[in-house]
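See below for the structure under consideration.
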Amino acid sequence: MIENKKEYIKNVSGCRAETGKFIVPLLKGMVYTLKNFFSKPITIQYPSERREVSQRWRGLHKLKTDDRGELKCVACGLCACICPARAISITPYEEEGGTRYPKEFIVNEIRCIFCGFCEEACPRDAIELTKVYDYVDYNRQDFDFDIAKLKNPEQFVFKGK
Amino acid sequence: MIEFVTILLVKTLVVFGVSMLIVAYSTWFERKVLGHVQLRHGPMRVGFHGLLQPIADGIKGFFKEELVPENADKPVFILAPIISIAAALSLLVVIPFGDSVTIMGKEITLYLADLDIGILYVLGISTIGSYGCMLGGWSSGNKYGVLGGLRASAQMISYELPMALAVIGVVMVSGTLSLVGIVNAQAGLWNIVAQPLAFVIFIICGLAELNRTPFDMPEAEAELACGYNVEYSSMKFALFFMAEYAHMFVFAAMVTTLFLGGWHGPFLPGVVWFFIKTFAMIFFCIWERSTFPRCRYDQVMKLGWKVLLPAGFLNIFLTGLWMLVFSG
């Protein structure tokens with residue numbers, strides 16, 4: 001229940017302008033904006049400055065190589081098996097001598113949910129999620145990463161023009 | 001004779017060039033200041049800290065497609081931005097940038113014309129600028145444009161009166177209508193000290209005349225899409241935009257001339273003082289824009305007619321009383 005209806009209506013309709021109580025708030029606002037003007041902008045100038053990502057950031061996939069520069073992956077298919085988004089497809093290839101490696105290793109970066117299960121499931125520590133997050137392209141097909149792209153995802157870090 | 005014409009021509013070119021440069025760069029300055037107030041950087045990419053941004057914008061303006069709406073009244077539609085910019089630029093004639101200087105044995109005055117009725121000229125011509133808004137809004141055949149134009153005319157007429165009343169106080173103190181005379185009269189005491197009430201009234205009315213926040217009724221983005229210039233594109237829009245900023249520069253120069261002592265100041269040469277004060281005023285315009293919300297339309301009208309107009313009369317009365325008591 002509103003005690004004093006007249007007073008209430010006066011307050012609701014607004015009217016600081018009628019009571020003349022707006023000059024001090026306006027001046028306070030001016031001081032506030034001036035303070036902001038002299039403080040440092042919080043903008044991050046993206047390509048030249050970048051936001052620090054978490055230690056555990058999960059970005060684009062990388063297929064690791066061993067000392068001789070060959071893929072560590074043995075195409076066991078565990079990552080493809082555990083992948084909840086079914087983003088990984090592997091075509092294995094076995095040589096005569098018994099060494100097994102992937103003939104094709106395709107990660108669909110659009111389907112991928114970047115959960116990191118592939119990294120955890122891998123028995124050979126061959127796949128890893130890097131901190132690279134700024135991959136852009138024009139076609140969906142370009143997001144199907146093949147071995148060449150997966151070997152070096154760092155090339156996609158955007159450095160500006 | 002030839003010498004006279006040459007000097008005048010060179011002065012005109014310099015004033016025009018410098019003013020257009022200031023107009024262009026006050027857009028950059030405004031974006032920078034607004035950015036920093038909002039903890040952003042503002043333009044940063046085009047040139048060092050976005051310094052080439054106004055030039056890029058100008059080039060873009062030239063190459064944009066020129067559109068004339070089907071419902072538009074074509075001659076008026078084309079004329080409106082020209083009126084706007086012409087009115088704003090004609091005001092540059094009377095601004096006293098500085099005292100006279102001597103170059104190569106010639107005494108050269110740093111203003112284009114010292115009209116005996118300079119202040120009347122300013123008040124009159126700046127009103128013509130509102131015709132630009134009004135005709136532009138009306139002729140574009142767009143309801144938002146019409147509303148913006150109507151608001152512009154109503155607001156400008158309302159605020160013209162208290163502005164003139166505030167100026168009368170200054171004229172009473174200085175005893176002259178010439179802008180150079182007013183500046184000379186402020187050699188000892190600036191008018192901001194002698195006429196504080198007139199100063200406040202003049203600034204508020206000036207902001208309303210400029211259509212700047214908190215009085216940006218004619219182009220209230222949220223209500224009117226863009227107001228009177230909604231149908232304009234390319235260079236015609238750019239002309240409106242330039243007129244607005246030229247007007248802002250003239251307003252800052254007027255405040256400097258009428259209240260802040262014009263070119264008077266210690267140590268530095270007069271022109272430098274003039275521009276320091278003018279830029280301080282331009283900064284103020286941007287600063288208050290970044291702070292204040294837009295007034296409601298009835299509030300704007302109420303402020304103009306019920307507060308500023310009586311305050312203007314009060315100021316004249318007090319000034320007269322002061323002069324009667326202390327110099328009579």
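The values are calculated or read from the model by the stated rules, or taken from the named source; none is laboratory data. A quick note: this is a predicted structure, and the numbers were derived from the prediction, not measured. Heads up, the Cβs are rebuilt from the backbone with ideal geometry, glycines too, and the neighbour counts pull from every protein chain shown. Side chains included, ligands, DNA and RNA excluded: accessible areas come from the protein's heavy atoms. Shrake-Rupley method; radii C 1.70, N 1.55, O 1.52, S 1.80 Å.
Quick check on my filter: what residues within the stretch B:264-300 are more than 18 Å from the chain's Cα centre (by Cα), part of a helix (DSSP H, G or I) and closer than 22 Å to B:T109 by Cβ?
Hits for the stretch B:264-300 are B:G270, B:V271, B:V272, B:W273.
Please count how many residues of the stretch B:1-48 are more than 14 Å from chain A (Cβ to nearest Cβ), charged (D, E, K, R) and over 25 Å from B:V250 (Cβ atoms).
Qualifying residue count for the region: 1.
For (1) within 14 Å of chain A (Cβ to nearest Cβ); (2) more than 30 Å from B:G42 (Cβ to Cβ); (3) surrounded by 18 or more Cβ atoms within 10 Å (Cβ to Cβ), each residue gets a yes or a no:
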residue	(1), (2), (3)
B:F240	no, no, yes
B:A246	no, no, yes
B:G270	no, yes, yes
B:K306	yes, yes, no
B:L314	no, yes, no
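Give just the number: which of (1) in a strand (DSSP E or B); (2) open to solvent by 100 Å² or more (accessible area, probe 1.4 Å) does A:K62 not satisfy?
A:K62 satisfies all of (1) in a strand (DSSP E or B); (2) open to solvent by 100 Å² or more (accessible area, probe 1.4 Å) except (2).
Being out of contact with any Asp or Glu (no Cβ under 9 Å at 6 or more places or on another chain) and crowded, with 20+ Cβ neighbours inside 10 Å is the filter; apply it to the stretch B:195-205 and report the residue that is modelled with the lowest pLDDT.
That would be B:Q195.
Could you run through the stretch B:155-182 and say how many residues are within 29 Å of B:P310 (Cβ to Cβ), part of a helix (DSSP H, G or I) and open to solvent by less than 40 Å² (accessible area, probe 1.4 Å)?
Total meeting the criteria: 18.
Pairs please, first residue from the stretch A:31-52 and exposed (fewer than 14 other Cβ atoms within 10 Å of the Cβ), second anywhere and among the small types (G, A, S), Cβ atoms under 8 Å, 6+ apart in sequence or on different chains.
Listed pairs, sorted by first residue: A:P47/A:G160; A:S48/A:G160.
Within the stretch B:49-62, identify whether any single residue is within 14 Å of chain A (Cβ to nearest Cβ), within 27 Å of A:F37 (Cα to Cα) and either open to solvent by 60 Å² or more (accessible area, probe 1.4 Å) or outside any helix (DSSP H, G or I) (or both), and answer yes or no.
yes
Could you tell me how many of the residues in the stretch A:143-154 are surrounded by fewer than 10 Cβ atoms within 10 Å (Cβ to Cβ) and more than 20 Å from A:D66 (Cβ to Cβ)?
0
With respect to A:V24, is the statement that it is modelled with pLDDT under 90 and out of contact with any His (no Cβ under 9 Å at 6 or more places or on another chain) true?
yes
Checking B:V300 against (1) closer than 21 Å to B:A198 by Cα; (2) open to solvent by 50 Å² or more (accessible area, probe 1.4 Å); (3) aliphatic (A, V, I, L, M), which test does it fail?
(2) is the only condition that B:V300 fails.
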